[in-house]
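*Asks:* One structure, pasted below without further comment.
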Amino acid sequence: MARLHEYQGKSLLASAGIAVPRGGPAATAEAAAAVAKDIGGPVVVKMQAWTTARKALGGIAFADTPEQVAEHARRILAMKVGNFPVTHVLVEEKVAIARELFVSFSIDDAARCPVILLSLSGGSGIEERASEVFRFACDVDSGPDAEAVAAALAKAGVPTEQAARIVRAVGAVFGLAKKIEARSVEINPLVVTASGQVVAADCRVTVDDYAVFRHEELGINIARELDHPPTALERIAYQAEQEDHRGTFFFAQMNTVAAPGSKGLIGFHGAGGGGSMMSMDAITNEGFTIANFCDTSGNPSPAKVYRATRIILSQPGLVGYFGSGSGVANQEQFWSAYGLAKALWEMNIDIPVVIRLGGNTEDRAVDILQSACKGLPATVEGYKKTDSPAAIARRFAALVAASTAKPWSPREPRRPAFVGQGRSFAVKGGRVWIDAAAWRANPAAITSRANGLLKDSGGTPALSVSEQDFLAKDSDMIACEVECRRDGVGGPQGAVFVELDMPEAARA
């Protein structure tokens, strides 16, 4: 889930018509003092962090003057919650609370409908008062039944005027959740002030990961829950995932240096969650430190696997590249093999590589990987589902022990000399370059590997389909590139090259 900080959630609540305390966020002690000065009066300074224990951590403080606010803000902004540094505080007016309530919107997966929960006693410990919570199933279009909410409040003895305001707030919570496609919107507490106002004193909002791309206004850069602030490579990987819908790609960095006594830092590339976990256990049991977790599954395109491999190889200090997933992946593994082979050739990899490509078309996949990587400085070995993660981890350990290569240093990818010259065609996320000399020498060899997409036109390459249709044929052309190179068409550099876009930070 993509989580929002309290100050971001309150901005959304205010836009939905729910009253919030006067105030605003601050990233420095001086800015916090300025917010307090504008409010003029007692305020609360609140740590902006994804945790439910802010008060216990010392992340909530009350102050009467801007000077006190600056002192509290300076202390809170120096704190960390887990691996996350606190980057903002929220400074708000102190609200005179007469009554606390709890309101939340969530998706009930079992009931397959949105649900509003309402309790007339909010604040901490709400989980222990489940029997006191009203539950309202919601129509996906119109939300909770306003009459049912009003009846529950009347039965509980809430004054009519207060009840009407609470009903409106409950409806606004649903409206906001629907608008931003939230998985949850929680106000705890929703307070009734001494003057009878209904105000959201605290809130938590999470948005569906798969809806984030439709809501740029939320400012969510990466819709993933990590145990640390996203690194540059994690942001690049997320961007690569967002730009290619074919299959899934998840990447998380774990270690930048090998643990004491370790056999070294390795890049990890899995396919499928459970099998990847088992494979990670196998390689750590052999004494290696994992630099990253990576999963390309769900029938990923060669381009997606290629970019994943390049991102993994953007990490310095690796002693090897280890790939292993479920072993029975319901995806055509030869497409992954093409993406791997392309990336490994471009990087001219010189550290040991062991990849288990178990699943559909595994025989073809292993053959592609090994034959396409024969001329590389590194040993590159492919394995099938009958080869257990433990067995290939032992083989990997033996290859690393025998290797004389230095730890990996990220480098610029190599490009054939014909790239940037002669004939080229656009594909999704890149360009296809064709060697003019290789084409003149043997156009039939190239067209036979291009899946009917290329033809000869007076001694020069041309498209057999429209330029628009060719845009979606990057997978076929990556396959053509690898097949030409491994069969010697055009020589060691090949006859076709697919130049794929890569974010700057993953280039070297």
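*Asks:* State the number of residues belonging to region 188-214 that are hydrophobic (A, V, I, L, M, F, W, C) and within 12 Å of residue 95 (Cβ to Cβ).
*Replies:* Qualifying residue count for the region: 8.
*Asks:* Now a separate question. Checking residue 461 against (1) over 19 Å from residue 501 (Cβ atoms); (2) touching a Leu at 6+ places or on another chain (Cβ under 6 Å); (3) surrounded by fewer than 22 Cβ atoms within 10 Å (Cβ to Cβ), only one condition comes out false. Which one?
*Replies:* (3)
*Asks:* Let me ask something additional. If you check residue 102 against the conditions, is it under 26 Å from the mean Cα position of the chain (by Cα) and either without any contact (Cβ under 8 Å) to a residue 40 or more places away in the chain or on the phi < 0 side of the Ramachandran plot (or both)?
*Replies:* Considered against the rule, which asks whether it is under 26 Å from the mean Cα position of the chain (by Cα) and either without any contact (Cβ under 8 Å) to a residue 40 or more places away in the chain or on the phi < 0 side of the Ramachandran plot (or both), residue 102 comes out as no.
*Asks:* Here is a follow-up. Looking at region 433-455, which of its residues are in contact (Cβ under 8 Å) with a residue 60 or more places away in the chain and closer than 23 Å to residue 466 by Cβ?
*Replies:* Residues satisfying the conditions are 433, 434.
*Asks:* Looking at region 211-240 only, could you name the residues that are in contact with a strand residue (DSSP E or B) (Cβ under 7 Å, 6 or more places away or on another chain), surrounded by 15 or more Cβ atoms within 10 Å (Cβ to Cβ) and in contact (Cβ under 8 Å) with a residue 40 or more places away in the chain?
*Replies:* 212, 218, 220, 223, 233, 237, 240
*Asks:* Let me ask something else about it. If you check every pair at least six apart or on different chains, which have Cβ atoms under 9 Å apart with a residue in region 382-411 that is of a type in the set (Lys, Arg) first and a residue that is in a helix (DSSP H, G or I) second?
*Replies:* 384/362; 384/363; 384/365; 384/366; 385/362; 394/282
*Asks:* Can you tell me which residue within region 319-332, out of those that are in contact (Cβ under 8 Å) with a residue 40 or more places away in the chain and under 23 Å from the mean Cα position of the chain (by Cα), is surrounded by the fewest Cβ atoms within 10 Å (Cβ to Cβ)?
*Replies:* That would be 331.
*Asks:* Another one. Name the helices (runs of 4 or more DSSP H) wholly within region 240-358 that hold at least 2 residues that are farther than 30 Å from residue 431 by Cα and among the polar types (S, T, N, Q)?
*Replies:* 273-285
*Asks:* Among the residues of region 359-380, write down those that are surrounded by fewer than 23 Cβ atoms within 10 Å (Cβ to Cβ), of a type outside the set (A, V, I, L, M) and part of a helix (DSSP H, G or I).
*Replies:* If the condition is that a residue be surrounded by fewer than 23 Cβ atoms within 10 Å (Cβ to Cβ), of a type outside the set (A, V, I, L, M) and part of a helix (DSSP H, G or I), then 363, 364, 367, 370, 371 are the ones that fit.
*Asks:* I'm checking my understanding of the structure. Among residues of region 22-38 that are closer than 19 Å to residue 203 by Cβ and aliphatic (A, V, I, L, M), which one is farthest from the chain's Cα centre (by Cα)?
*Replies:* Per the stated criteria, the residue is 35.
*Asks:* Where in region 1-93 are there helices (runs of 4 or more DSSP H), lying wholly inside it, with at least 3 residues that are hydroxyl-bearing (Ser, Thr, Tyr) and within 23 Å of residue 180 (Cα to Cα)?
*Replies:* Per the criteria, 6-15.
*Asks:* Shifting gears a bit: Out of (1) closer than 22 Å to residue 83 by Cα; (2) assigned to a helix (DSSP H, G or I), what's the single condition that is false for residue 229?
*Replies:* The single condition residue 229 does not satisfy is (2).
*Asks:* Of the residues that make up region 256-274, is at least one basic (Lys, Arg), modelled with pLDDT under 95 and in contact with a helix residue (DSSP H, G or I) (Cβ under 8 Å, 6 or more places away or on another chain)?
*Replies:* No, because not a single residue in region 256-274 is basic (Lys, Arg), modelled with pLDDT under 95 and in contact with a helix residue (DSSP H, G or I) (Cβ under 8 Å, 6 or more places away or on another chain).
The values are calculated or read from the model by the stated rules, or taken from the named source; none is laboratory data. Quantities reported herein were computed from a predicted structural model and do not represent experimental measurements. Note that each Cβ is placed from the backbone with ideal geometry, even for glycine, and that neighbours are counted across all protein chains shown.
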